[in-house]
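J.: What follows is a structure written as structure tokens; I'll ask about it next.
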Amino acid sequence: MPANEPRREPTQIHVLVGCSDARDVGQVHLEVVEKVRAEYLARGVRSELYVLRTPGTFVTKDVLLDIKRVVETTRREVGPDEPLEYFVHLLSHGELSIEGAERFRCGVHDLTVEQGSMFNCGMLQATRVAVDLERLIIGIKPTFALPDGTSLTVEDERGVRRLLLAHYGYDGHLAGDWVKSVDDLRTHTRLQKSVVERAFRDDPDLRRLSLRVTAGIQDYRRNAYVRVDGGEPDGKFWDEGQRLINQTLSDLPPHSIDRARQSEGQMPLVGLFAMSDIRGSRARALATYAALHQRPVTSYEPNTVFAISGSALDLPDTPFGPYAVCGLYYSAQSLGLRQYLVMGSSDAQVARMIRKVESDPLVSLVVNHFRIALVPSVVEAPRTA
């Protein structure tokens, strides 16, 4: 770089790994994110946000691959001399009591999770959900084609274990080694943070990149976001946006849509499979749902769309992750969803996404058993927000 050329600010690449819960974001969130992105750009700092939605915010192998794909894609898109900073934000949700004056940057010992609250993550009961799914599978006694050309009729736990090993590469019980409940919300995202940091540190292609990982909890009762890692490291664009969201929501009356709908029990209208690079995928999904059902919607409302998103949803030969499978089952069994939009950026991509759903043994079983309608939805998708 010539001596007289000003130093270029690194482009910030933010990846949110958040829960599928329908209450997570509202119109205020969408508008504030765009506002902060515009302010950063005016200061000469580009910022991009990719959104990965997985029930329970568990960083499993498929989620790590999603994050790595985001990194690889963004590195290819920029010039060889453009600096990049990567941020991964782990976000769960629950009802909190906070001791002390600090409301944004908190340590674990300053927080108490209100037990049994309807605002707590449903994956606190993930093992129970998985047991119910296992009972359903054994009751149906489905027959699956295996990758080696043989077939398998699942009639007992042994059959479930064979299916998991053959199709998903897991050697264990569905409700045992494959799916585990969240132990403690206060430490959950910090544990997932360590998983991401370790994965980057152990990957020779990623370890030299600038990476910051944050851990937080969204409190739907108080309409507030709390960093549970003491606020370290600095989340820059992410932290600035979340602080502004907190302030904006607190200034709204309690009966406003964003506050009122986020403070209710989870009651989504529709489910969503979306690619991670689609901006405002939930808002787009609600608009599509409204048009299909002739429902008047003037802006995005929280607590309407249960979302599962990722960068590999258009790869039919790759399996769904364990929490996506259980989350889909939970959304059908407990939340009553019978329609899922399948959202990609082209007809071909959406077709691949539907083929992945139809070819995944457990996902297709849930879709067929509950008669879930898959609705193609094609949108232009340069980036997420």
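The values are calculated or read from the model by the stated rules, or taken from the named source; none is laboratory data. Quantities reported herein were computed from a predicted structural model and do not represent experimental measurements. All Cβ positions, glycine included, derive from the backbone under ideal geometry; neighbour counts span all protein chains shown. Ligands, DNA and RNA are stripped out before the accessible areas are found, and what is left, the full protein with its side chains, is counted by its heavy atoms. Shrake-Rupley method; radii C 1.70, N 1.55, O 1.52, S 1.80 Å.
J.: Tell me, what ³J(HN,Hα) does each residue in the stretch 94-107 have, in order and in whole Hz, if you take phi through Karplus 6.51 cos²θ - 1.76 cosθ + 1.60 with θ = phi - 60° and put x for Gly and Pro?
T.: Each residue's phi maps through the Karplus curve to give x, 9, 10, 10, 10, 9, x, 7, 6, 10, 10, 9, 10, x Hz.
J.: While we're here: Can you run phi through the Karplus equation (6.51, -1.76, 1.60; θ = phi - 60°) for the stretch 206-222 and list ³J(HN,Hα) in whole Hz, with x for Gly and Pro?
T.: So the Karplus estimates, Gly and Pro as x, are 10, 5, 8, 7, 6, 10, 10, 10, 10, 10, x, 10, 8, 9, 5, 5, 9 Hz.
J.: Ok, one more. Once a ≥ b ≥ c are taken as the square roots of the eigenvalues of the Cα gyration tensor of the stretch 127-217, is the result rounded (a/c under 1.5), prolate (a/b larger than b/c) or oblate (a/b not larger than b/c)?
T.: oblate
J.: In square angstrom, what is the accessible area per residue of the chain with a 1.4 angstrom probe?
T.: Working: 16710 Å² over 385 residues.
Per residue, the chain has 43 Å² of solvent-accessible surface.
J.: Could I ask something else about it? Which percent, to the nearest 5, of DSSP beta bridges fully inside the chain are antiparallel? Provide the component values of the computation, followed by the final result.
T.: On the way: 12 of 52 bridges.
Of the beta bridges lying entirely in the chain, close to 25 percent run antiparallel.
J.: Rounded to whole Hz and in sequence order, give me ³J(HN,Hα) for the stretch 10-25 from the Karplus expression 6.51 cos²θ - 1.76 cosθ + 1.60, θ = phi - 60°, writing x for Gly and Pro.
T.: Here the 3J(HN,Hα) series is x, 6, 8, 10, 10, 10, 8, 10, x, 6, 7, 3, 5, 7, 4, 10 Hz.
J.: How far apart, in nm, are the 7 Å Cα→Cβ label points at Ile138 and Gln294?
T.: About 4.7 nm separates the two model spin labels.
J.: Report, in debye and to the nearest 20, how large the dipole of the stretch 1-140 comes out about its Cα centre when Lys and Arg carry +1 and Asp and Glu carry -1 on their Cβ.
T.: That gives the stretch 1-140 a dipole magnitude of about 260 debye.
J.: Taking every Cα atom in the chain, find the radius of gyration and the maximum pairwise distance Dmax, and write them in Å.
T.: Values for the chain (Cα only, Rg and Dmax): 20.7, 72 Å.
J.: Then there is this: Distance between the C-alpha centers of the stretch 222-288 and the stretch 316-356? Whole Å please.
T.: About 22 Å separates the Cα centre of the stretch 222-288 from the one of the stretch 316-356.
J.: Classify the stretch 110-168 as rounded, prolate or oblate from the Cα gyration tensor: take a ≥ b ≥ c as the square roots of its eigenvalues, call it rounded if a/c is under 1.5, otherwise prolate when a/b beats b/c and oblate if not. Spell out each step's value before the answer.
T.: Values: a/c = 4.54, a/b = 2.76, b/c = 1.65.
Because a/c hits 1.5 or more and a/b exceeds b/c, the stretch 110-168 counts as prolate.
J.: Tell me, what % of the accessible area of the chain is carbon and sulfur with a 1.4 angstrom probe?
T.: Answer for the chain: carbon and sulfur cover 49 percent of the accessible area.
J.: Sequence-distant or interchain residues sharing an amide H contact under 5 Å with Val379, placed H: which?
T.: Placed amide hydrogens put Gly344, Ser345, Ser346 under 5 Å from Val379.
J.: Farthest toward the dipole's positive end in the chain, which of Ser117, Tyr170, Val357, given Cβ charges of +1 (Lys, Arg) and -1 (Asp, Glu) about the Cα centre?
T.: It is Val357, whose Cα lies furthest towards the positive end.
J.: Then there's this: Under a 5 Å amide H to amide H cut-off, with H placed in plane at 1.01 Å, what residues pair with Ala274 once short-range neighbours are removed?
T.: Ile308, Ser309, Gly310, Met343
J.: Which value, in debye to the nearest 20, gives the size of the charge dipole of the chain about its Cα centre, when Lys and Arg are +1 and Asp and Glu are -1 at the Cβ?
T.: That gives the chain a dipole magnitude of about 360 debye.
J.: How large is the dipole of the stretch 76-224 about the Cα centre if only Lys and Arg carry +1 and Asp and Glu carry -1, each at its Cβ, rounded to the nearest 20 debye?
T.: Once rounded to the nearest 20, the dipole reads 120 debye.
J.: Kindly express, to the nearest 10 degrees and within the range 0 to 90, the angle between helix 322-333's C-alpha long axis and the longest C-alpha principal axis of the chain.
T.: Once rounded, the angle reads 70 degrees.
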